[in-house]
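Contents: one structure, followed by commentary.
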Amino acid sequence: MTGLDKKKLYPNEKIKTVCYISNLPKRDNVEIGEYTYYSDNVNSPEKFYDNIEHHYEFLGDKLIIGKFCAIAQGVKFIMNGANHRMEGISTYPFYIFGGGWEKDTPTVKQLPYKGDTIIGNDVWIGQNVTIMPGVKLGDGSIISANSTVIGNVEPYTIYGGNPAKFIKKRFTDEETDFLLKIQWWNWDEEMIFNNLEQITSAAGLKELMKRLK
């Protein structure tokens with residue numbers, strides 16, 4: 001035995017509120033790593049894509065989510081299509097309504113563009129969090145419930161609030177550098193299984209540092 005089947009939509013068939021979202025139908029502009037799950041106690045977790053808003057293919061931005069992430073109910077990913085031009089007198093998007101107003105349709109380059117939204121590996125995003133366009137969450141980071149993330153988050157840190165602000169580091173700089181180096185989420189299933197106790201405990205981190213440094 002080396003753990004759960006990563007190809008199953010529901011890792012535990014008795015819990016239909018949690019699914020591995022990498023096994024949902026693929027989208028060209030969304031990349032989701034193995035074992036990453038979405039939990040929803042109100043709607044089916046299979047409706048995960050409904051939480052990605054204003055995501056238009058012609059803009060070219062991607063939502064990229066790493067492996068072993070835990071995404072709670074109500075998380076919203078706001079993509080670049082939500083942004084309005086701001087250099088003029090009005091921010092009103094006349095062009096999308098037609099009726100002749102489309103004469104002033106902006107080019108993609110004229111629209112505010114923040115780039116891809118990238119969620120690292122082993123990231124925990126709490127309930128009802130909003131992630132704004134172009135944000136990058138580092139590996140091992142934690143976002144507390146009801147936060148709005150408007151800027152990048154460093155690896156293995158905890159952020160919270162509206163707007164989300166730094167709360168604390170999870171580990172020392174030496175420990176963080178070690179974790180970013182070993183990238184346990186890229187280990188094969190057998191190695192993860194054999195080191196599960198070390199991956200999930202403070203004592204285990206110290207043990208891994210002695211063994212793998």
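Quick one: check the C-alpha center-to-center distance for the stretch 1-46 versus the stretch 172-205, whole angstrom.
The distance from the Cα centre of the stretch 1-46 to that of the stretch 172-205 comes to 22 Å.
Quick one: Debye curve from the C-alpha atoms of the stretch 92-207, no solvent, what's log10 I(q)/I(0) at q = 0.13, 0.18 Å⁻¹?
-0.64, -0.96
How tilted is helix 202-212 with respect to the longest principal axis of the chain? Cα atoms for both, answer in degrees (0 to 90, nearest 10).
80
What whole-number value in Å² describes the accessible area per residue of the chain for a 1.4 Å probe?
In whole numbers, the chain has 57 Å² accessible per residue.
Once Lys and Arg get +1 and Asp and Glu get -1 on their Cβ, which of ASN194, ALA70, THR105 lies farthest toward the positive end of the dipole of the chain?
Working it through, the farthest residue towards the positive pole turns out to be ALA70.
For the chain, what proportion of DSSP beta bridges, expressed in % and rounded to the nearest 5, is antiparallel?
30
Order PHE171, PHE97, PHE77, most accessible first, counting only protein heavy atoms with a 1.4 angstrom probe.
Final ranking, largest accessible area leading: PHE97, PHE171, PHE77.
Calculate the dipole size of the stretch 40-113 relative to its Cα centre from +1 charges on Lys and Arg beta carbons and -1 charges on Asp and Glu beta carbons; express the result in debye to the nearest 20.
Approximately 180 debye in magnitude.
Charges only on Cβ, +1 for Lys and Arg, -1 for Asp and Glu: so what's the dipole of the chain about the Cα centre, in debye to the nearest 20?
Computed charge dipole of the chain: roughly 280 debye.
Between TYR156, LEU179, MET209, whose Cα lies farthest towards the positive end of the dipole of the stretch 152-213 when Lys and Arg beta carbons carry +1 and Asp and Glu beta carbons carry -1, centred on the Cα centre?
Projecting each Cα onto the dipole axis, the largest value belongs to TYR156.
How large is Rg over Rh for the stretch 1-113, taking Rg from the Cα atoms and Rh as the Kirkwood inverse mean of 1/r across Cα pairs?
Rounded to two decimals, Rg over Rh is 1.12.
Where nothing but the Cβ of Lys and Arg (+1) and of Asp and Glu (-1) is charged, how large is the charge dipole of the stretch 6-60 around its Cα centre, in debye to the nearest 20?
360
Tilt of helix 173-182 relative to the longest C-alpha principal axis of the chain, in degrees (0 to 90, nearest 10)?
90
Between beta-carbons, use under 12 Å as the cut-off and find the net charge around LYS7, counting Lys and Arg +1, Asp and Glu -1.
Residues close to LYS7 contribute a combined charge of -1.
Quick one: with all protein chains in place, what share of the accessible area of the chain is carbon or sulfur, to the nearest percent (1.4 Å probe)?
54
Please work out, to two decimal places, the log10 of the ratio I(q)/I(0) at q = 0.08 Å⁻¹ from a Debye calculation in which every Cα of the chain carries one identical scatterer.
-0.34
Kindly flag which residue pairs out of LYS47/LYS136; LYS136/LYS169; LYS76/LYS114; LYS26/LYS181; LYS67/LYS206 have an alpha-carbon separation exceeding 27 Å in this structure.
LYS26/LYS181
Ignoring everything but the protein chains, give the 1.4 Å probe accessible area of GLU174 in square angstrom, nearest 10.
110
First obtain the Kirkwood hydrodynamic radius of the stretch 167-213 from its Cα pairs, then insert it into the Stokes-Einstein equation at 37 °C and 0.692 mPa s, and state the resulting D in µm² per second as a whole number.
Rounded, D is 293 µm²/s.
The values are calculated or read from the model by the stated rules, or taken from the named source; none is laboratory data. Predicted model, so just to flag it, every value in this text is computed and none were measured. All Cβ positions, glycine included, derive from the backbone under ideal geometry; neighbour counts span all protein chains shown. For the accessible areas, the whole protein counts, side chains as well, though only heavy atoms, and no ligand, DNA or RNA atoms are used. Shrake-Rupley method; radii C 1.70, N 1.55, O 1.52, S 1.80 Å.
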